[in-house]
1. Return yes or no: is Asn29 free of Cβ contacts under 8 Å to residues at least 40 places away in the same chain and either over 30 Å from Thr3 (Cβ atoms) or of a type in the set (A, V, I, L, M) (or both)?
2. Of the residues in segment 17-68, how many are farther than 18 Å from Pro80 by Cα and not hydroxyl-bearing (Ser, Thr, Tyr)?
3. Give the residue, chosen from Leu77, Leu46, that is surrounded by 10 or more Cβ atoms within 10 Å (Cβ to Cβ) and either aromatic (Phe, Trp, Tyr) or in contact with a Gly (Cβ under 6 Å, 6 or more places away or on another chain) (or both).
4. Could you pull out the residue among Pro42, Pro38, Pro19 that is within 21 Å of Tyr68 (Cβ to Cβ), out of contact with any His (no Cβ under 9 Å at 6 or more places or on another chain) and not in a helix (DSSP H, G or I)?
5. Do we find a residue being over 17 Å from the mean Cα position of the chain (by Cα), without any contact (Cβ under 8 Å) to a residue 24 or more places away in the chain and on the phi > 0 side of the Ramachandran plot anywhere in segment 14-24?
6. Please determine whether any residue of segment 51-67 is among the charged types (D, E, K, R) and within 19 Å of the chain's Cα centre (by Cα).
Amino acid sequence: TLTDSGTFLAYKGDLALEPVVETGAMLLNVYSVIAINPEKHPGTDLEMASNLVAFLNSPEIQELIGSYGVEQYGVPLFIPCASTEPEE
């Protein structure tokens, strides 16, 4: 059975499963957010999209993302990795 760590933690009391891999790059599941070009996609609200990007990248929200799940499962369900700098 394959599952993500959040689902495993939520159901581990009901399942007879043992993790095979718990750490490593192969488990990365990166979510990204970008504001799209309103010239190519008419009707796009660039200001609102940019505000959402800034909100999600803010230190406060990154901290919230990084602590999500700790109270209930003892470990965070997500590892924040936001950056406003492009990678080379």
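Just so you know, all these numbers are worked out from the coordinates, no wet-lab data involved. As the structure is a prediction and not an experimental result, all values here were calculated from the model. FYI the Cβ positions are ideal-geometry reconstructions off the backbone, even for glycines, and counts take in every protein chain you see.
1. Values: free of Cβ contacts under 8 Å to residues at least 40 places away in the same chain: yes; either over 30 Å from Thr3 (Cβ atoms) or of a type in the set (A, V, I, L, M) (or both): no.
Against the criterion (free of Cβ contacts under 8 Å to residues at least 40 places away in the same chain and either over 30 Å from Thr3 (Cβ atoms) or of a type in the set (A, V, I, L, M) (or both)), Asn29 does not qualify.
2. Keep residues of segment 17-68 that are farther than 18 Å from Pro80 by Cα, which gives 17-21, 35-51.
With the extra rule that they be not hydroxyl-bearing (Ser, Thr, Tyr), the set shrinks to 17-21, 35-43, 45-49, 51.
Matching residues across segment 17-68 total 20.
3. On the way: Leu46 fails: either aromatic (Phe, Trp, Tyr) or in contact with a Gly (Cβ under 6 Å, 6 or more places away or on another chain) (or both).
Step by step, each of Leu77, Leu46 is checked, and only Leu77 is surrounded by 10 or more Cβ atoms within 10 Å (Cβ to Cβ) and either aromatic (Phe, Trp, Tyr) or in contact with a Gly (Cβ under 6 Å, 6 or more places away or on another chain) (or both).
4. Numbers: Pro42 fails: within 21 Å of Tyr68 (Cβ to Cβ); Pro38 fails: within 21 Å of Tyr68 (Cβ to Cβ).
When all the criteria are applied, what remains is Pro19.
5. No: zero hits.
6. Pass one, segment 51-67, residues among the charged types (D, E, K, R): 60, 63.
The next check asks that each one be within 19 Å of the chain's Cα centre (by Cα); those that pass are 60, 63.
Yes, the conditions are met somewhere in segment 51-67.
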